[in-house]
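To start, the structure under review is shown below, and the notes come after it.
Nothing in this text is a laboratory measurement; each read-out follows from the coordinates by a stated rule. Note that the structure is predicted; figures quoted are calculated from it, not measured. Positions of Cβ are generated from backbone atoms using ideal geometry, with glycine treated the same way; all protein chains shown enter the neighbour counts.
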Amino acid sequence: RFILCRYPKSWKLPVISKVTDYIYVGNLNAAYNGRTLCRNNIDSIIDMSSVAGEPGPILSLIPCTCSRGTRHSWSRLKVDISDVPSALGDGPALKQRCFEDINECINASTEKRKRVLVHCRDGFSLAPTCIIQYLMVKQNMRLIAAYELLRAKYPVNIRECHQNVLVSLERALRPGGNVDPECFKQAISRKVAWT
């Protein structure tokens, strides 16, 4: 009724899940559904829904109709990866240009005990990748541990280009590590095959 969307039906329903006390992951429609944002007490939104070569989404905010009596507003950080050359295939470009801003926004929110939603269009690859890298960089988690934490709370289907970004990050964070990060890609493949 309020949403005009040119994308597959699977993106029409708001999908959101709590990853940590203050970090949530979801899809495009969760980020534009005031009732969903209010119900989860979301304060900030990191929008990763813009993808190179694809038109931007046409969405209107569905207002919250709760009984709090005050009008809701949410701060938004729009991370536009469409201007990053080969953003989906070039892991270092994605990491260098986006991850620092994303991590700074998540830190600012969590330090104030504010909840932040990280979302992309479908919610299954890019947003989870951003949250996994945050857990690796800021909470010193290993790649597999961060992936398992997220996977236990939210359905993920991380694209190969995003897997490559995470594997490269694991190698950079742990250059002398004794675990081959390529095992991560195999672990994801096995899990996706069974779900």
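Structure notes:
- When you count the other C-beta atoms within 10 angstrom of each residue and take the mean per peptide, 17-24, 73-80, 170-177 line up highest first as 17-24, 73-80, 170-177.
- Rounded to whole numbers, the Karplus 3J(HN,Hα) couplings from phi for segment 36-45 are 5, 4, 5, 4, 9, 6, 6, 10, 10, 9 Hz, using 6.51 cos²θ - 1.76 cosθ + 1.60 with θ = phi - 60°, and x at Gly and Pro.
- The packing ranking of peptides 109-115, 36-42, 128-134, highest mean first, is 128-134, 36-42, 109-115, where packing means the average number of other beta carbon atoms within 10 angstrom of each residue.
- Order of His119, His72, His162 - criterion: other Cβ atoms within 10 Å of each residue's Cβ, fewest first: His72, His162, His119
- Among the listed pairs Lys18/Lys114; Lys78/Lys138; Lys112/Lys153, those beyond 19 Å (Cα-Cα): Lys78/Lys138; Lys112/Lys153
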